[in-house]
1. What is the set of long-range amide H partners of B:Glu334 at a cut-off below 5 Å, with H atoms built 1.01 Å from backbone N?
2. Through the Karplus equation 6.51 cos²θ - 1.76 cosθ + 1.60, θ set to phi - 60°, convert the phi angles of segment B:225-242 into ³J(HN,Hα) values in whole Hz; use x for Gly and Pro.
3. Which one of A:Ala84, A:Val104, A:Leu259 is farthest out on the positive end of the charge dipole of chain A, using unit charges on Cβ (Lys, Arg +1; Asp, Glu -1) and the Cα centre as origin?
4. Treat segment A:177-305 as a sphere of radius equal to its Kirkwood radius over Cα pairs and apply Stokes-Einstein at 37 °C in a medium of 0.692 mPa s; give the translational diffusion coefficient in µm²/s, rounded to a whole number.
5. Leaving out ligands, DNA and RNA but keeping every protein chain, what accessible area does A:Glu267 have, in Å² rounded to the nearest 10, with a 1.4 Å probe?
6. Specify the inter-centroid distance of segment B:11-53 and segment B:242-318, based on alpha-carbon positions, in whole Å.
7. Which whole-Hz ³J(HN,Hα) couplings does segment B:165-179 yield from phi under the Karplus relation 6.51 cos²θ - 1.76 cosθ + 1.60, θ = phi - 60°, glycine and proline marked x?
8. What accessible area, in Å² to the nearest ten, does a 1.4 Å probe give for B:Met52?
Number of protein chains: 2
Amino acid sequence: MFKINENYQKLPGSYLFSTIAKKVAAFTAANPDASVIRLGIGDVTQPIAPAMVQAMHKAIDEMADAATFHGYAPDLGYDFLRRAIVANDYEPKNCGISEDEIFVSDGAKSDSGNIQEIFDADCKIAVTDPVYPVYVDSNVMAGRCGEYDPDTQTWSNVIYMPCVRENGFVPEFPKKTPDLIYLCLPNNPTGTTIKKEQLQSWVDYANRVGAVIIYDAAYEAYISQVDVAHSIYECEGAKSCAIEIRSFSKNAGFTGVRLGFTVVPKELKCADVSLNAMWARRHGTKYNGAPYIIQRAGEAVYSKEGKAQVKEQVAYYMNNAKTIKDGLVSAGYEVYGGVDAPYIWLKTPKQMDSWQFFDYLLENANVVGTPGSGFGPSGEGYFRLTAFGSYENTVAALKRIQSL
Amino acid sequence: MFKINENYQKLPGSYLFSTIAKKVAAFTAANPDASVIRLGIGDVTQPIAPAMVQAMHKAIDEMADAATFHGYAPDLGYDFLRRAIVANDYEPKNCGISEDEIFVSDGAKSDSGNIQEIFDADCKIAVTDPVYPVYVDSNVMAGRCGEYDPDTQTWSNVIYMPCVRENGFVPEFPKKTPDLIYLCLPNNPTGTTIKKEQLQSWVDYANRVGAVIIYDAAYEAYISQVDVAHSIYECEGAKSCAIEIRSFSKNAGFTGVRLGFTVVPKELKCADVSLNAMWARRHGTKYNGAPYIIQRAGEAVYSKEGKAQVKEQVAYYMNNAKTIKDGLVSAGYEVYGGVDAPYIWLKTPKQMDSWQFFDYLLENANVVGTPGSGFGPSGEGYFRLTAFGSYENTVAALKRIQSL
């Protein structure tokens with residue numbers, strides 16, 4: 001009789017966004033006239049910009065003609081896209097990353113969930129707390145996390161690095177030595193980030209203890225400060241200890257288009273085994289490439305017009321972030337993030353816990369956000385608002401919050 | 001110090017298609033005037049048909065407008081596509097499959113590689129020999145296959161079911177009891193298939209021994225005989241023992257468009273645990289949905305125009321299959337497949353082994369095919385040609401082979 005992967009049974013229900021959806025549905029059913037504004041989920045709302053739209057139309061016409069039709073894509077992604085990535089994201093910062101270190105994929109979520117596969121089942125992972133749930137859940141599925149304690153909401157075999165106002169949301173080196181360190185910077189959910197010199201100290205730490213940093217840079221396009229690294233490969237020595245995951249979702253609005261890439265440097269090795277070769281093998285065995293049409297859209301993100309258009313879109317969302325941040329500050333809230341990331345992380349007022357504040361905000365301002373405790377125990381007492389709404393809705397939401 | 005997944009080190013090099021590419025490159029370098037015809041890789045050549053092209057253009061225009069923009073897709077796929085799948089692929093055959101049993105993905109390769117994750121690491125797999133390499137390789141990566149013996153080209157912990165002319169390429173129930181049985185029908189690479197009553201006996205066997213059948217139906221659109229099942233769910237009892245994987249690559253020419261789906265029936269359980277719920281959890285954690293644009297193209301495959309156009313495309317390739325088959329038979333070859341599948345499986349003549357015949361065909365007819373031994377030890381002495389070329393090239397290739 002076949003048996004299942006019992007690790008799946010250990011996972012607590014993924015109730016965060018479904019609980020939110022249920023609460024919102026119940027509220028709107030009871031208050032049909034309420035105009036609810038959703039600043040909860042990190043999904044973009046602005047349409048795909050013209051350069052990418054044009055590139056996709058053109059690619060579809062190519063697919064409609066036998067002479068220019070494209071079948072299976074190269075495993076690692078088309079040369080035209082990998083060249084554009086290297087030329088625009090890595091060469092200007094002298095990262096020393098080459099095209100055969102770029103693996104194009106259908107998005108950062110897939111890659112950040114799958115990357116753990118190439119590591120040993122006994123590797124110990126370290127994550128920030130709060131954290132994007134995919135890092136932990138994918139390792140639970142692989143049996144790396146031990147047992148879940150519902151009281152503390154932690155896993156017995158995971159190293160947590162609390163990020164709270166007391167440490168400025170900067171993770172500290174853990175006491176136990178990890179094998180894999182997940183860092184998402186700028187951070188989801190806190191919206192905060194660290195300086196390049198702090199990131200350099202993490203690279204030095206990883207090289208010293210023999211750990212690999214899984215660096216999720218999905219929000220790098222939102223960085224506004226000059227002393228913050230856009231890529232971990234701006235740090236010396238990162239190529240021997242770091243894998244970087246990038247997304248087109250949050251800079252080019254590709255959440256529904258699906259495109260991302262992962263960088264696995266050839267210098268990254270375990271004894272003589274190249275992790276670049278391992279990831280290539282994984283890609284070649286379990287994946288068949290991103291659609292030609294979508295890879296052409298990715299290429300257009302790096303065209304002159306595309307760059308100007310996505311810059312404008314990021315500026316639009318960052319103006320929302322400023323609107324939220326300034327509005328909350330003027331209403332007396334304690335607020336973090338929103339400078340280098342499209343997320344605002346606020347301290348809940350009046351000793352409310354995260355879910356109490358969720359209910360309070362929904363009922364009194366008809367605004368939906370995300371309770372910080374949903375991202376981990378250290379998120380308790382915090383609340384996330386996203387800058388991905390329309391400007392009009394964002395302004396309206398803040399007016400309501402200010403008049404509470 | 002971090003450690004790698006050592007199972008990857010056990011994998012022999014994936015040299016089949018790269019070896020072929022190198023041999024072809026060397027030949028064309030030495031013979032620059034030779035016009036090489038490629039009937040090796042199973043990639044389509046006909047352009048995307050108008051209904052799907054039109055649907056994608058429309059979807060892109062929707063993505064270009066904030067009022068009709070689509071962000072993250074639902075985890076399981078859009079309702080419009082899952083409804084079309086159920087209404088067209090399952091309801092007409094009374095399979096009793098519902099929309100919440102359909103999981104839309106970026107293709108059958110990803111799904112057939114990932115599906116093993118939800119099973120225990122100790123599950124024993126059974127595969128046909130020859131076989132599509134992804135089934136075995138993905139299980140090797142998960143540590144299920146034991147050790148590789150380069151002499152026999154087999155894994156110590158895999159049950160092989162030889163499919164050769166002596167058994168009509170029909171797998172027999174294995175002596176050892178498997179937990180997971182991979183069946184690709186119609187088959188890649190042999191191009192053969194089994195009757196519905198034979199498939200029913202496999203379903204009965206799986207239910208009797210408590211095994212799960214991973215049923216790869218990527219080539220179902222090519223079935224021409226009436227007593228062959230298009231879906232395993234046409235067999236009684238299949239919903240308690242079978243997962244079906246489908247592809248749009250070979251019916252609608254989507255190899256470069258990327259779309260597929262997997263059916264995990266709610267009846268399929270291990271004790272009380274629903275595999276449908278497990279696969280939903282996997283999908284929700286490590287995947288973010290197929291692109292909206294591509295899902296609209298999938299919907300168009302089921303439109304009246306789309307159905308007529310993909311039927312025409314399949315007929316085009318099957319006419320190639322007939323051309324190859326008839327041409328080889330008239331040249332005295334022993335030939336299998338090509339009736340319910342776009343692959344022709346021929347016995348190599350004059351005691352040549354698979355690679356000798358490869359060289360012979362390349363050098364003397366300038367035609368590229370795939371050596372059967374690349375698909376497993378029982379493929380030795382066979383050779384695969386695909387029907388996915390253009391009609392003109394297919395006719396030309398056969399003329400050359402006939403005049404050898």
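1. Residues meeting the criterion, in which the H sits 1.01 Å from N, are B:Lys347.
2. Values per residue, Gly and Pro as x: 7, 7, 9, 10, 6, 7, 10, 5, 6, 6, 8, 5, x, 5, 5, 9, 9, 9 Hz.
3. The Cα lying farthest towards the positive end belongs to A:Leu259.
4. 207
5. Number for this one is 110 Å².
6. Value for the Cα centre distance between the two parts: 26 Å.
7. 4, 5, 10, x, 6, 9, x, 9, 4, x, 6, 7, 7, x, 9
8. Result for B:Met52: roughly 0 Å² accessible.
The values are calculated or read from the model by the stated rules, or taken from the named source; none is laboratory data. On a predicted model such as this, the values are computed, not experimentally measured, just so you know. Positions of Cβ are generated from backbone atoms using ideal geometry, with glycine treated the same way; all protein chains shown enter the neighbour counts. When the accessible area is computed, the model is the full protein with side chains, heavy atoms only, and any ligands, DNA or RNA have been set aside. Shrake-Rupley method; radii C 1.70, N 1.55, O 1.52, S 1.80 Å.
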